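Presented below is the structure to which this report refers.
Derivation of every value follows stated rules applied to the coordinates shown; laboratory data play no part. This one's a predicted model, so the numbers in the text were calculated from it and none came from an experiment. Don't worry about glycine lacking a Cβ; one is built from the backbone with ideal geometry, like all the others, and counts go over all protein chains shown.
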Amino acid sequence: MKIAVYPGSFDPTTNGHLDVIERASRLFDRIIVAVIKNPEKTPRFSFKERMAMLEASVPHCDNVEVESFDGLLVEYVRQKKACAVVRGLRAVSDFDYEFQMALTNRRMAPEIETVFLMTDYRYSYLSSSFVKQIAGLGGDVSGLVPGPVTAYLKRSRQKKGER
Ligand code: ADP
């Protein structure tokens, strides 16, 4: 059984994330999408909301589960008996951070591989922060996020009283 963990903030889930999840689910027997409870950047959505958005976006993927974690990623991956970490790569700007993270994780846990999936050309410009910005200004995010995420963005905008 080959298990992989796909960690991220998912604040919120975008179609770029979903594309990585779907493709990874064809490469591994089981994918655990792991929501980082307390990411470095203060998230817009609570971890419960971020998990709920993911769960609502992946019902068609039988071998995908959504969980959350705190603390060291490699410890979590070991605990789950996974062999790999999946990450997505967009522009060159992602590379430095991802490279550093992959090598640091390998130093701590040489038995765990980081597997990078190149973004689809449709999503190469797409990020959660871009989506939040567009939604916050009342722009149309359809095509950028899975359907269920749209409602969360709308609610968040109403709560903030943005126009
Ligand atoms: P993090 O805060 O850990 O970077 P994100 O939710 O922003 O969490 O991203 C999780 C992973 O998904 C990262 O590896 C990121 O590069 C990847 N990712 C984000 N957006 C896209 C996209 N549009 N296409 C492919 N991969 C993406």
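Label-to-label distance for Asn63 and Ile134 is 3.1 nm, based on points extended 7 Å past Cα in the beta-carbon direction.
The equivalent ellipsoid of the chain has semi-axes of 27, 16, 16 Å, largest first, where each one is the square root of 5 times an eigenvalue of the Cα gyration tensor. In this structure the amide hydrogen of Val115, modeled in the peptide plane, comes within under 5 Å of the amide hydrogens of Val85, Val86, Arg87, none closer than 5 places in sequence on its chain.
Remark: spin-label model distance Met108-Leu72 equals 0.6 nm, labels positioned 7 Å along the Cα→Cβ axis. Cβ-Cβ distance of Lys48 and Lys159, R₀ of 22 Å, FRET efficiency by 1/(1 + (r/R0)^6): the value works out to about 0.90.
When you count, for each residue, the other Cβ atoms within 10 Å and take the mean per peptide, how do 69-82, 15-28 rank with the highest first?
Peptide ranking by packing, descending: 15-28, 69-82.
Sorted into 10 angstrom bins from 0, the C-alpha pair distances of region 1-65 split as 22, 55, 21, 1 percent. Highest GNM mean-square fluctuation among Val92, Val141, Val66, for the chain modelled with Cα contacts below 10 Å: Val92.
Listed cross-link partners Lys2/Lys48; Lys48/Lys159; Lys41/Lys160; Lys48/Lys160; Lys37/Lys132 are compared with a 24 Å cut-off, the Cα-Cα value being larger for Lys2/Lys48. When you filter the chymotrypsin sites (Phe, Trp or Tyr not before Pro) in region 95-163 for DSSP loop state and at most 14 other Cβ atoms inside 10 Å of their Cβ, you are left with Tyr125.
Relative to the Cα centre, the charge distribution of region 5-163, modelled as +1 at Lys and Arg Cβ and -1 at Asp and Glu Cβ, gives a dipole magnitude of about 540 debye.
Cβ crowding within 10 Å ranks Ser57, Ser93, Ser156 as Ser93, Ser156, Ser57, fewest other Cβ atoms first.
When the alpha carbon gyration tensor of region 92-163 is reduced to an equivalent ellipsoid, its three semi-axes come out at 33, 14, 11 angstrom, largest first. Neighbours of Asp62, meaning other residues whose beta-carbon lies under 12 angstrom from its beta-carbon, give a summed charge of -1 when Lys and Arg score +1 and Asp and Glu score -1.
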